[in-house]
Amino acid sequence: MNRTIFRLSAQAVAGRRRGLVLLLIPVALLVLAVVIRLLTEGDVGVDATVGLGFSLALPLVSLLAATAVLGPEVDDGSIVYLLAKPVSRHVIAVSKFAAAWLTTMLLGAVPLAVAPFVLDASDPARAVALGVGGAVAGTAYTALFLGLAALTRHAVVVGLLYTLFWEGVLGSVLTGVRWLSVGAWGHQVAHALSSAVSDLRISSGYAVVAAVVVTVGTVWFTGDRLRSFTLRGDE
């Protein structure tokens, strides 16, 4: 990983207007948890809040973070100056992934652990399990959306459609979709760590392996895409 590229990528996430939106998403999730806690008793609303976190809040944070570290450079053409440096394209991809991943962990996975703790402080093990599951799903989401940003200038639009329809609508209606749902993988990992988390009836081992394959595969694809970008010069 290149520290300079990592630092510049982290600044790109924090220094743009989308940084405010990034903050609003976890804040909205936590405010929802507080409101539910004040209006109800016990652990009412935990499953709904967790489902919302895995299928909407977490992927949105990952999408905004991943597209922030790469998308604007492709749009304005400044990516060619970065690619002109004697740095491996895969090192660039890993550095940008690391910056987006850190943002996703702080603003996506951590709130996903805090929200259920707010709703029911009597079960901290569940909160930790959901945080770990959020980290697994957030890692795969970040890599997936980074690869999408390297593939198309319309990554935000495509990513939103994926999040809303595949992870949201279809993921909640069609059971088979869960085997190909990043959010479901993270949710199942959380269930493997705490029985208090609902079981989605998919293998936790499969969930971990699938998340690793998607992460490694799409980060590698991003580096390969950056290499071909300089050869074609068509963006």
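Can you name every residue in region 79-104 that is touching an Asp or Glu at 6+ places or on another chain (Cβ under 8 Å) and either hydroxyl-bearing (Ser, Thr, Tyr) or at pLDDT below 80 (or both)?
Within region 79-104, the first condition is being touching an Asp or Glu at 6+ places or on another chain (Cβ under 8 Å), and the residues that meet it are 79, 82, 89-90.
Listed by number, the residues that qualify are Ile79, Leu82.
For region 80-123, how many residues meet the condition of being polar (S, T, N, Q) and assigned to a helix (DSSP H, G or I)?
From region 80-123, those polar (S, T, N, Q) are 88, 95, 103-104, 122; that's our starting set.
Within this subset, residues satisfying the condition of being assigned to a helix (DSSP H, G or I) are 95, 103-104.
Selection size over region 80-123: 3.
Identify the single condition in (1) in contact with a Ser or Thr (Cβ under 8 Å, 6 or more places away or on another chain); (2) surrounded by 15 or more Cβ atoms within 10 Å (Cβ to Cβ) that Ala125 does not satisfy, given that it satisfies every other one.
It fails just one condition, (2).
Residues being within 23 Å of the chain's Cα centre (by Cα), at pLDDT below 80 and either in a loop (DSSP other than H, G, I, E, B) or among the hydrophobic types (A, V, I, L, M, F, W, C) (or both): count how many of those fall in region 32-78.
Total satisfying the criteria: 2.
What about Ser181, is it more than 25 Å from Ile5 (Cβ to Cβ), in contact with a Phe, Trp or Tyr (Cβ under 8 Å, 6 or more places away or on another chain), of a type in the set (S, T, N, Q) and surrounded by 16 or more Cβ atoms within 10 Å (Cβ to Cβ)?
On the way: more than 25 Å from Ile5 (Cβ to Cβ): yes; in contact with a Phe, Trp or Tyr (Cβ under 8 Å, 6 or more places away or on another chain): yes; of a type in the set (S, T, N, Q): yes; surrounded by 16 or more Cβ atoms within 10 Å (Cβ to Cβ): yes.
Against the criterion (more than 25 Å from Ile5 (Cβ to Cβ), in contact with a Phe, Trp or Tyr (Cβ under 8 Å, 6 or more places away or on another chain), of a type in the set (S, T, N, Q) and surrounded by 16 or more Cβ atoms within 10 Å (Cβ to Cβ)), Ser181 qualifies.
Residue under question is Gly108, and the condition is that it be under 18 Å from Leu24 (Cα atoms) and either of a type in the set (Asp, Glu) or at pLDDT 95 or above (or both); does it hold?
Details: under 18 Å from Leu24 (Cα atoms): yes; either of a type in the set (Asp, Glu) or at pLDDT 95 or above (or both): no.
So Gly108 does not fit the description; no.
Could you say whether any residue in region 132-150 is modelled with pLDDT of 90 or more and either farther than 21 Å from Leu64 by Cβ or of a type in the set (Asp, Glu) (or both)?
yes
For region 14-69: of the residues being out of contact with any Asp or Glu (no Cβ under 6 Å at 6 or more places or on another chain), crowded, with 20+ Cβ neighbours inside 10 Å and among the polar types (S, T, N, Q), which is nearest to Thr152 (Cα to Cα)?
Within region 14-69, the match that is nearest to Thr152 (Cα to Cα) is Thr67.
Pick out the one residue from Leu102, Leu112 that is buried (at least 24 other Cβ atoms within 10 Å of the Cβ) and either touching a residue at least 24 places away in the same chain (Cβ under 8 Å) or charged (D, E, K, R) (or both). It would help to see each step written out before you state the result.
Working: Leu102 fails: buried (at least 24 other Cβ atoms within 10 Å of the Cβ).
Unique residue meeting the criteria: Leu112.
Among (1) under 18 Å from Val214 (Cβ atoms); (2) within 13 Å of the chain's Cα centre (by Cα); (3) surrounded by fewer than 19 Cβ atoms within 10 Å (Cβ to Cβ), which single condition is Thr142 missing?
Failing condition for Thr142: (3).
Regarding region 29-41, can at least one residue be identified that is β-branched (Val, Ile, Thr), more than 18 Å from Met105 (Cα to Cα), out of contact with any Ser or Thr (no Cβ under 9 Å at 6 or more places or on another chain) and in contact (Cβ under 8 Å) with a residue 24 or more places away in the chain? Please lay out each step first, then the result.
Kept after step one, since they are β-branched (Val, Ile, Thr), are these residues of region 29-41: 31, 34-36, 40.
So of that shortlist, the ones also more than 18 Å from Met105 (Cα to Cα) come out as 31, 34-36, 40.
Filter once more, keeping what is out of contact with any Ser or Thr (no Cβ under 9 Å at 6 or more places or on another chain): 31, 34-35, 40.
Still in the list and also in contact (Cβ under 8 Å) with a residue 24 or more places away in the chain: 34.
Yes, region 29-41 has at least one match.
Within region 145-154, which residues are more than 17 Å from Ser9 (Cα to Cα) and touching a residue at least 40 places away in the same chain (Cβ under 8 Å)? Steps first, answer last, please.
Here is the first cut: in region 145-154, the residues more than 17 Å from Ser9 (Cα to Cα) are 151-154.
Selection gives Leu151, Arg153.
For region 107-123, which positions are hydrophobic (A, V, I, L, M, F, W, C) and under 17 Å from Ala65 (Cα atoms)?
Restricting attention to region 107-123, the residues satisfying the condition of being hydrophobic (A, V, I, L, M, F, W, C) are 107, 109-110, 112-115, 117-119, 121.
Passing the criteria: Leu107, Ala109, Val110, Leu112.
The values are calculated or read from the model by the stated rules, or taken from the named source; none is laboratory data. Just so it is clear, the structure is predicted and the values come from calculations on it, not from any experiment. A quick note on method: Cβ atoms are made from the backbone with ideal geometry, for glycine too, and the neighbour counts reach across all protein chains shown.
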